[in-house]
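What follows is calculated from the coordinates using simple rules that are stated; it is not laboratory data. Being a predicted model, the structure only gives us computed values, none of them experimental. FYI the Cβ positions are ideal-geometry reconstructions off the backbone, even for glycines, and counts take in every protein chain you see.
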Amino acid sequence: MPGVSIPGAHAWMRGASAMLDAVCVVDPRFAGGTGAAVAADLRGLLAAGRRVGLVEARSHYLDDGAGPRSRVIAELCADPRLERIAPGQPVEARVAFLHHPMSFFRGLERPVPLRAGRAFLVAHHLPFRGDGSLQYEPVTTARRCRRATGLVPHWLPVSGLCRRQLRSFAPLIRLAATDWPNLFDPEDWQPRRQPFSGADLVIGRHGRADPLKWPSGAAAIAASLPRLPGARIRVMGCPVEAFRAAGVDMTGWEILPFDAEPVASFAESLDVFVYHFHPDASESFGRTVAEAMLMGAVCVLDPRLEPSFGDIALYGPPEATAAHVARLRADPVAARRLAERARQAMLDRHGLQGLAPRFAALLSDAGEPGRAGPRHASPLSAARKALGMLRRGEMFTPGLTGRG
């Protein structure tokens with residue numbers, strides 16, 4: 001059983017809140033996909049009548065994060081149904097969701113005492129970077145998680161790709177039996193226009209203004225958002241200063257700050273959503289892509305996202321984007337069919353209707369057998385990657401005290 005008690009149980013219980021159905025531990029500064037995924041999960045549980053608590057646990061991973069909360073977490077905290085747990089207050093819940101492995105790998109600012117029947121470390125982030133190196137080491141992460149919370153978690157991957165990577169460290173870590181894919185409330189994602197129906201074609205993308213979320217080099221960045229006759233380019237979330245320094249030509253781009261518009265409204269303004277990212281980066285799922293699909297855009301994507309989206313998107317390097325767009329414009333009826341098929345797939349796979357049975361399954365989750373299924377890397381290769389991380393000085397960070 002992954003939930004364990006912390007020392008001093010009787011004294012602990014005197015300060016604990018009444019039993020919750022679920023408690024979520026997350027750094028409130030998470031924006032982008034992680035923050036949106038957490039908010040969607042908790043709102044879904046609250047709508048189902050579950051008693052849900054939130055612990056805002058700042059981590060050293062986001063030491064450079066601005067403000068006490070991201071917009072999406074601030075909006076979640078305004079929900080009167082949510083029970084906000086003060087930092088350090090003991091908590092007891094049937095299920096504990098511990099969000100984002102980098103938070104625990106880098107270390108929390110203070111311990112979060114928890115008791116839970118089941119505990120799950122939700123893996124929004126892949127352990128391996130695009131270049132094959134490790135960005136966190138799962139065995140060490142699980143140990144630091146136990147030190148911070150008193151719980152021994154099962155790992156809960158957000159995608160099959162993430163599960164394959166985490167299996168590289170089994171049986172030293174234990175995975176949940178099922179994945180925990182991102183959820184969306186269909187009521188929040190209702191497009192009112194058809195793609196490829198306006199006078200001008202609109203090509204664009206949205207996401208955090210992080211250079212790693214973009215291709216490498218000025219030429220590849222420009223190719224991913226091609227300037228074409230009768231087309232406009234819209235971007236929400238762009239590292240403008242970094243691009244200027246790199247010589248990226250942004251002439252004619254309409255650039256909005258990250259979160260300047262509601263994501264659904266921005267995504268609906270696009271006919272084609274394009275997403276390529278840096279060769280050294282990795283994507284566990286790609287929530288921004290799913291958001292665009294739900295609002296009716298056709299998606300042209302980095303080939304590394306094909307395991308997540310399959311045949312409901314188009315794939316290729318940045319240089320292939322212009323040709324993809326030309327083919328879509330030549331047959332707008334087929335383009336709209338692809339967009340509708342992608343939207344329906346997202347509703348079927350990630351609609352809120354899947355939350356209740358998935359949550360019920362977690363209550364009895366016994367974990368995946370230690371050596372089940374394909375792995376990203378052999379145990380020997382994973383060990384060598386961990387040694388490389390140690391040699392680079394990335395295993396221990398200034399926020400950690402003691403060893404591990």
(message) Can you tally the net charge around TRP189? Count Lys and Arg as +1, Asp and Glu as -1, for every other residue whose Cβ sits under 14 Å from the Cβ of TRP189.
(response) -1
(request) Kindly work out what percent of the DSSP beta bridges joining two residues of the stretch 48-151 are antiparallel, to the nearest 5. (result) 15
(message) Quick check on the chain: helices-only [θ] at 222 nm, where DSSP H runs of length 4 and up contribute -39,500 (n - 2.57) each and the sum goes over total residues. Nearest 500, please.
(response) -9500 deg cm²/dmol
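Nearest 20 debye, what's the magnitude of the dipole of the stretch 186-350 about its Cα centre given +1 on Lys and Arg Cβ and -1 on Asp and Glu Cβ? Before the final figure, lay out each step's value.
Details: 18 positive and 21 negative charges, 73 e Å.
Roughly 340 debye for the stretch 186-350.
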(message) Placing +1 on the Cβ of each Lys and Arg and -1 on the Cβ of each Asp and Glu in the stretch 39-175, which of HIS60, LEU121, PHE105 has its Cα farthest towards the positive end of the resulting dipole?
(response) LEU121
(request) Please work out how much length the chain gains when fully extended from ARG193 to ALA356, using 0.36 nm per residue of separation minus the C-alpha to C-alpha distance, in nm with one decimal. (result) 55.6 nm
(request) Treat the count of other C-beta atoms within 10 Å as a stand-in for reagent exposure and order TRP180, TRP253 from fewest to most. (result) TRP253, TRP180
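Taking the beta-carbon count within 10 Å as an exposure proxy, list HIS60, HIS350, HIS124 from fewest neighbours to most.
Details: HIS60 17, HIS350 21, HIS124 27.
Going from sparsest to densest Cβ surroundings: HIS60, HIS350, HIS124.
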(request) Treat the count of other C-beta atoms within 10 Å as a stand-in for reagent exposure and order ILE85, ILE312 from fewest to most. (result) ILE312, ILE85
(message) Loop only by DSSP, 13 or fewer other Cβ within 10 Å of the Cβ. Give me the trypsin sites (Lys or Arg not before Pro) in the stretch 174-232 that pass, ordered by residue number.
(response) ARG192, ARG193
(message) Just to be sure I understand: with springs between alpha-carbon atoms less than 10 Å apart, which residue in PRO138, PRO369, PRO113 has the highest mean-square fluctuation in the Gaussian network model of the chain?
(response) PRO369
(message) How much of the DSSP bridge set in the chain is antiparallel, in percent, rounded to the nearest 5?
(response) 5
(message) Using the Karplus curve 6.51 cos²θ - 1.76 cosθ + 1.60 with θ = phi - 60°, what ³J(HN,Hα) values do you get for each residue of the stretch 272-289, in whole Hz, with x for Gly and Pro?
(response) 10, 9, 10, 9, 10, 9, 4, x, 7, 8, 9, 10, 6, 9, x, 4, 4, 5
(message) What does the extension gain come out to for ARG329 and ALA177, with contour length at 0.36 nm per residue minus their alpha carbon separation?
(response) 50.4 nm
